[in-house]
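S.K.: My questions all concern the structure below.
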Amino acid sequence: MRKVVIAGNWKMYKTVSESVDTVLALKPLVANANHCEVIIAPVFTALKTVADRIEGSNIRIAGQDCSTEVEEGAHTGEVAAFMLKDAGASHVIIGHSERRQFYSETDLMVKKKCQAALTAGLTAIVCVGESLEQRDQGIAENVVSGQLNGGLSGLTASDLDRIIVAYEPVWAIGTGRTATPEQAQEMHAFIRRVFAERHSSGAAEALRILYGGSVKPDNIAGLMSQGDIDGALVGGASLKADSFAQIVNYRS
Ligand code: PEP
């Protein structure tokens with residue numbers, strides 16, 4: 001049985017005090033959400049403070065990115081995965097489409113970041129997804145399998161326990177345009193098949209695959225009704241405690 005994951009990506013929003021206010025408002029609203037893992041990803045500068053303020057709660061913290069470098073060193077502007085762990089994170093988002101699109105992140109970088117995350121003891125939430133142009137060209141599955149094969153090659157069976165895949169079609173992120181539950185299910189089932197072929201049917205069966213792209217309180221239940229959708233990575237609608245809590249509590 002795969003445990004549902006609902007993760008909020010706060011992107012480059014919120015000061016430290018705004019982040020604390022939001023997480024403190026969220027905490028009681030999701031305190032009974034035993035059906036899922038609740039994760040939020042604040043900006044780096046707020047991560048430690050937020051982690052400290054929610055200690056003992058059921059909310060987990062993710063970094064939004066990490067360095068390809070495993071060790072500390074002369075890498076100005078970078079944050080190592082082990083530093084995220086030290087600051088209180090248990091997860092890290094890797095290969096978000098905004099990083100691929102605007103910061104030239106490649107599959108090789110995604111692979112190195114995953115390895116750094118796993119070495120640090122973090123769970124990696126690895127994002128994949130096609131652009132609208134690629135979908136229209138009929139190559140969405142090729143793009144996604146290329147990203148999976150490039151970003152997740154060289155993983156051992158035990159590494160797979162700490163990998164979560166987020167399918168985030170680029171055309172649905174921040175656009176208000178959500179993939180239909182059927183479109184998302186189709187790609188999630190495809191991702192599971194890729195994992196089964198590459199690793200094992202057991203690993204594919206255990207893999208959590210999140211959908212991301214304009215998830216809101218009014219579309220989460222439809223998405224979650226699909227057999228291969230194991231949760232959501234939520235951007236805009238995670239910025240407000242009440243809308244994120246409604247997504248987390250989609251079953252009640
Ligand atoms: C995201 O940032 O991962 C995301 C899915 O954003 P939004 O929910 O705003 O589309």
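Rule-based calculations on the coordinates, nothing more; no lab input. Computed from a prediction, not measured in an experiment: that's the story for all the values here. Reconstructed Cβ throughout: ideal geometry from the backbone, glycine too, with neighbour counts over all protein chains shown.
S.K.: Count charges around Asp21 for me, please; just the other residues with Cβ under 15 Å from its Cβ, Lys/Arg as +1, Asp/Glu as -1.
M.R.: Combined, the nearby Lys, Arg, Asp and Glu give +1.
S.K.: In Å and on Cα atoms, what radius of gyration and Dmax does segment 1-42 show?
M.R.: When restricted to the Cα atoms of segment 1-42, Rg and Dmax are 11.7, 38 Å.
S.K.: So what is the orientation-averaged projected area of segment 85-186, using the convex hull of its C-alpha atoms, in nm²?
M.R.: Averaged projected hull area, Cα only: 7.3 nm².
S.K.: Note the full-extension length gain between Lys216 and Asp136 as 0.36 nm times their separation in residues minus their Cα-Cα distance, in nm to one decimal.
M.R.: 26.3 nm
S.K.: Let me ask you something else. Can you tell me the alpha carbon radius of gyration of the chain divided by the globular rule-of-thumb value 2.2 N^0.38 Å?
M.R.: Relative to the 2.2 N^0.38 Å estimate, the chain comes out at 0.93.
S.K.: Apply 1/(1 + (r/R0)^6) to the Cβ-Cβ distance of Asn32 and Asp52, taking R0 = 22 Å, and write down the FRET efficiency to the nearest 0.05.
M.R.: Using R0 = 22 Å, I get an efficiency of 0.45.
S.K.: What's the extension gain from Arg162 to Ala74 if we count 0.36 nm per residue and subtract their Cα-Cα distance?
M.R.: Here the segment from Arg162 to Ala74 would lengthen by 28.9 nm.
S.K.: Placing +1 at every Lys and Arg Cβ and -1 at every Asp and Glu Cβ, with all other atoms neutral, what dipole size does segment 120-252 have around its Cα centre, in debye to the nearest 20?
M.R.: Here the size comes out at about 280 debye.
S.K.: Same structure, new question: Is it possible to state the helix-based mean residue ellipticity at 222 nm for the chain, with each DSSP H run of 4+ residues giving -39500 (n - 2.57), the sum divided by total residues, to the nearest 500 deg cm²/dmol? What is it?
M.R.: Roughly -12000 deg cm²/dmol at 222 nm, from the helical runs in the chain.
S.K.: Let me ask another. Would you please name the GluC sites (Glu not before Pro) within segment 1-97 that are DSSP coil residues with at most 15 other C-beta atoms within 10 Å of their C-beta?
M.R.: Answer by residue number: Glu55, Glu71, Glu72, Glu78.
S.K.: For each of Leu84, Leu47, Leu160, count neighbouring Cβ atoms within 10 Å of the residue's Cβ, then give the residues from fewest to most.
M.R.: Fewest-to-most ranking of Leu84, Leu47, Leu160: Leu160, Leu47, Leu84.
S.K.: Give the residue from Val126, Cys114, Ala140 lying farthest towards the positive end of the charge dipole for segment 104-147; charges sit on Cβ (+1 for Lys and Arg, -1 for Asp and Glu) and the dipole is referred to the Cα centre.
M.R.: After comparing all options, I get Cys114.
S.K.: Still on this structure, I have one more. Using unit Cβ charges (K, R positive; D, E negative) and no other charged atoms, how large, in debye to the nearest 20, is the dipole of segment 139-206 about its Cα centre?
M.R.: 80
S.K.: Right, another one. Mind checking segment 1-100 for chymotrypsin sites (Phe, Trp or Tyr not before Pro) that DSSP puts in a loop (not H, G, I, E or B) and that have at most 14 other Cβ atoms within 10 Å?
M.R.: Here no loop site has a sparse enough neighbourhood.
S.K.: Moving on. Report the relative contact order of segment 195-251, percent, no decimals, based on alpha-carbon pairs under 8 angstrom and at least 6 residues apart.
M.R.: 34 percent.
S.K.: Scan around Glu168 for amide H atoms under 5 Å from its own, H built in the peptide plane at 1.01 Å from N, and keep only partners 5 or more places away or cross-chain.
M.R.: Amide H neighbours of Glu168, under 5 Å, 5+ apart: Val128, Gly129, Gly212.
S.K.: Defining a contact as two alpha carbons under 8 Å apart and six or more residues distant in sequence, what relative contact order in percent does segment 1-153 show?
M.R.: Rounded, it is 18 percent for segment 1-153.
S.K.: Under a point spin-label approximation (7 Å from Cα along Cα-to-Cβ), what is the Glu182-Phe102 distance to one decimal in nm?
M.R.: Using points 7 Å along Cα→Cβ, the separation is 3.4 nm.
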